[in-house]
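Asks: Questions regarding the structure given below will be posed in turn.
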Amino acid sequence: NVYVTVLQNDGSPLAASLTCASVALANAGIEMYDLVVGCSARITPSEVFIDPTESEDYKAENDNEAGNGSVTLGLMPSLNQVSAITSKGEVEFELLNKGTKQCVDVCQKLYPVLQQAVAKAVEDRLSSDHVT
């Protein structure tokens, strides 16, 4: 089990938590199939916002018109497998599909950055082990 405490929410807290938990597990040496990269999209009747800020996030009490919602996705990019997906609101299938595809694209682009961060952490740990 992984428990996350969000100290500050600037938007997309679930997507950020998925990514951070995955990198933390990898950094701790926990064997996994792949890193999980999270991404959120805010969907309106006219457009899709990727990685919305807290003020742009979908809130059912404020955005109760049809066509408003959000989708959050967790992707294991090297396997091209969705490990988590959740949506909120009333959204047309075409817009939900567009938001999901955009999230997948963003996750694929973020993946090398996460890989580099984990690799650097491992290299730093190995070099510090040899120094002592």
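Asks: Using the Karplus equation 6.51 cos²θ - 1.76 cosθ + 1.60 (θ = phi - 60°), what ³J(HN,Hα) coupling, rounded to whole Hz, does each residue of the range 51-59 give in order, writing x for Gly and Pro?
Replies: Ordered by residue, 3J(HN,Hα) equals 6, x, 6, 4, 6, 8, 4, 5, 10 Hz.
Asks: Still on this structure: Only loop residues by DSSP count here, and only those with at most 14 other Cβ atoms within 10 Å; note down the chymotrypsin sites (Phe, Trp or Tyr not before Pro) in the range 12-88 that meet that.
Replies: Those that pass, being in a loop and sparsely packed, are Tyr33.
Asks: Right, here's the next one. If you take the beta carbon distance between Leu79 and Glu56 as r and set R0 to 30 Å, what does 1/(1 + (r/R0)^6) give as a FRET efficiency, to the nearest 0.05?
Replies: The formula returns an efficiency of 0.50 here.
Asks: For the chain, which cysteines have no disulfide-compatible partner, meaning no other cysteine Cβ under 4.7 Å?
Replies: Taking the Cβ cut-off of 4.7 Å, the unpaired cysteines of the chain are Cys20, Cys107.
Asks: How compact and how long is the chain, expressed as Rg and Dmax of its alpha-carbon atoms in Å?
Replies: Reported Rg and Dmax, both Å: 16.8, 61.
Asks: Hey, can you find the accessible area per residue of the chain for me, probe 1.4 Å, expressed in square angstrom?
Replies: Here the per-residue accessible area is 64 Å².
Asks: Ignoring ligands, DNA and RNA, please state the percent of accessible area on the chain from carbon and sulfur, probe 1.4 Å.
Replies: Looking at the chain in its full context, I get 54 percent from C and S.
Asks: Below 8 Å between Cα atoms, with a sequence gap of 6+, how large is the relative contact order for the range 1-105 in percent?
Replies: Across the range 1-105, relative contact order equals 26 percent.
Asks: Here is a further query. Would you list, by chain and number, the lysines whose Cα falls below 22 Å from the Cα of Lys109, excluding same-chain residues fewer than 8 positions away?
Replies: Lys98, Lys101, Lys120
Asks: Mind grabbing the accessible area of Asp57 for me, 1.4 Å probe, Å², rounded to tens?
Replies: Number for this one is 30 Å².
Asks: So how tilted is helix 13-27 from the main axis of the chain? Cα-based, degrees 0 to 90, rounded to 10.
Replies: Compared with the principal axis, the helix lies near 20 degrees.
Asks: May I ask you to rank Glu47, Glu92 by accessible area, largest first, using a 1.4 Å probe over the protein chains only?
Replies: Listed by decreasing accessible area, they come as Glu92, Glu47.
Asks: To continue, here is another question. Relative to the longest principal axis of the chain, what angle (0 to 90°, nearest 10) does the C-alpha long axis of helix 93-131 take?
Replies: Orientation of helix 93-131: about 20 degrees from the principal axis.
The values are calculated or read from the model by the stated rules, or taken from the named source; none is laboratory data. All figures in this text were calculated on a predicted structure; none of them were measured in a lab. Here the Cβ is made from the backbone with ideal geometry for all residues, glycine too, and neighbour counts use every protein chain on show. Accessible surface is based on the protein model in full, side chains and every heavy atom, while ligands, DNA and RNA are left aside. Shrake-Rupley method; radii C 1.70, N 1.55, O 1.52, S 1.80 Å.
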